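What follows draws every value from the coordinates through simple rules; no lab data is involved. Since this is a predicted model, take the numbers as computed values, not measurements. Positions of Cβ are backbone-derived with ideal geometry, glycine not excepted, and every protein chain shown enters the neighbour counts.
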Amino acid sequence: MKIKISDNVLVIAGKYRGKTGKVIRVIKTSGKVVIEKINLVTKHVKKSKANKGERIRFEAPLDASNVMIVCPQCSKPTRIGYLIDKKVKTRICRICKESVDQKVDSAAIKTKKSKKS
């Protein structure tokens, strides 16, 4: 899948067409993405002895084919291509030919993994 977490995307089909948001989760097995503050749904939770009944609002997944990545350099919705250079595969914008990938701090990733353990 060409869409990754923290990409800015534009919804191109459906109820939320024309809205932009940040990807907070990618579900590769079903080809869906969850976008921040887009496709909010309400779920009613029945009361039990442990907790009271309530309504929960959360972002439901959208199909990845209904969104386009917004290029950080040219700020236009674009298709994504790949540039393979010395065993490094980077995503590039098809319009401006610049890299779409954001630099990832490896130290931040290591601290996230250590917190989960």
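Structure above, values below:
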item: Subset of the stretch 43-83 (residues that are under 23 Å from LYS15 (Cα atoms), in a strand (DSSP E or B) and not basic (Lys, Arg)); result: HIS44, ILE56, PHE58, GLU59, LEU62, ASP63, VAL67, MET68, ILE69, VAL70, PRO77, THR78
item: Residue ID - surrounded by the fewest Cβ atoms within 10 Å (Cβ to Cβ), chosen from residues in the stretch 17-40 that are touching a residue at least 24 places away in the same chain (Cβ under 8 Å), outside any strand (DSSP E or B) and not polar (S, T, N, Q); result: LYS28
